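Quick notes on the structure that follows.
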Amino acid sequence: MKLTATEKKLLQIHVQSSLSEDCVKKDITSSLLNKIEVSAVIIFKEEGVLCGIDWVNEVFKKVNSKIKIKWLYKDGDFIKKNKTVCIIKGNNKSILTAERTALNFLQTLSGICSNIKKYQDQIKNKNIKLLYTRKIVPGWKYAIGNICSLMCCKPHRSNLQESILIKENHLKFIKNIEQYVRIAKKSKKLIIAEAKTLSELKLFNNLKLNRILLDNFTPNQVKKAVKLSKSTPIEISGNITIKNIKNYAIKGVSFISVGALTKNIHALNISLLVR
């Protein structure tokens, strides 16, 4: 994955922070070993999508720049169970010190990508785009955004500045929604409003917004909403799971946002073994 200078800096900061948390410079267990040159491999113990190569490379580089890594696959590749994805060569102390931090990145990022693929595979209507949300582990925004992009999964909105999202709690403080939207449009930002009922949908339809978010609608309610939405793109969210997303992939829906993609993370079972 080709990174810009800014992206590289963010990655380096993230990796350095994680290594510092683990006190890698004070690895007392490894420090008591005799130093020898060894070879190690990283193996997928369950199938999934490989992602996080840049993070793994950076971890080993920061621990010991002399460590060599040969990747047998690339980010985005689907890996079968028990496949070796890379070969690592270097001194045993450095490899063991870097092992856990490197695997934490690889297991987490590969787990998220694998989760995204499972959801995408359930959507037969290719005109519907799967979105991830801001429900992420704090401090992982750049890493998660980067690998979601690799999977062609865009953010519902990546941060609070990117777009205007009018939700239920905001509406409690807005006395005149027409006036609010009129002022909001001056910002030139994308404007999205969350509708919890068909009545609210009808109200937002007349405001010429960029998108209407249907929150916790049933599939039948979504079908009714699509007929009422006129030309405003529809996004659906709330209680969307891998088991029911097929039911929500309805013609006329433009986006489905799923918090579970980045919130309910299943870290893949991936191991590093010294040969």
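Key figures for this structure:
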quantity	calculated
Region 125-148: number of residues that are surrounded by 13 or more Cβ atoms within 10 Å (Cβ to Cβ), farther than 19 Å from Gly238 by Cβ and free of Cβ contacts under 8 Å to residues at least 60 places away in the same chain	2
Unique residue being more than 18 Å from Leu150 (Cα to Cα), hydroxyl-bearing (Ser, Thr, Tyr) and surrounded by 14 or more Cβ atoms within 10 Å (Cβ to Cβ) when the list is Ser30, Ser20	Ser30
Residue in region 187-203 that is in contact with an Asp or Glu (Cβ under 6 Å, 6 or more places away or on another chain) and of a type in the set (A, V, I, L, M) present	no
Some residue of region 231-253 being farther than 23 Å from Cys153 by Cα and either touching a residue at least 12 places away in the same chain (Cβ under 8 Å) or not assigned by TED's automatic domain parsing to the domain that holds Thr133 (or both)	no
Considering residues of region 192-251 that are of a type in the set (Ser, Thr, Tyr) and not in a helix (DSSP H, G or I) only, the residue farthest from Ile128 (Cα to Cα)	Thr197
Test: residue in region 48-62 that is part of a loop (DSSP other than H, G, I, E, B) and surrounded by fewer than 14 Cβ atoms within 10 Å (Cβ to Cβ)	no
Qualifying residue in region 254-264 (condition: exposed (fewer than 15 other Cβ atoms within 10 Å of the Cβ) and among the small types (Gly, Ala, Ser))	no
From the options Leu165, Leu160, Leu207, Leu228, residue that is surrounded by fewer than 16 Cβ atoms within 10 Å (Cβ to Cβ), of a type in the set (A, V, I, L, M, F, W, C) and farther than 30 Å from Val15 by Cα	Leu228
Residue within region 163-181 that is in a helix (DSSP H, G or I), within 25 Å of the chain's Cα centre (by Cα) and hydrophobic (A, V, I, L, M, F, W, C) present	no
Qualifying residue in region 63-74 (condition: out of contact with any strand residue (DSSP E or B) (no Cβ under 8 Å at 6 or more places or on another chain), without any contact (Cβ under 8 Å) to a residue 24 or more places away in the chain and more than 19 Å from Leu268 (Cα to Cα))	yes
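The values are calculated or read from the model by the stated rules, or taken from the named source; none is laboratory data. Because the structure is a prediction, the values reported are computed rather than measured. Positions of Cβ are backbone-derived with ideal geometry, glycine not excepted, and every protein chain shown enters the neighbour counts.
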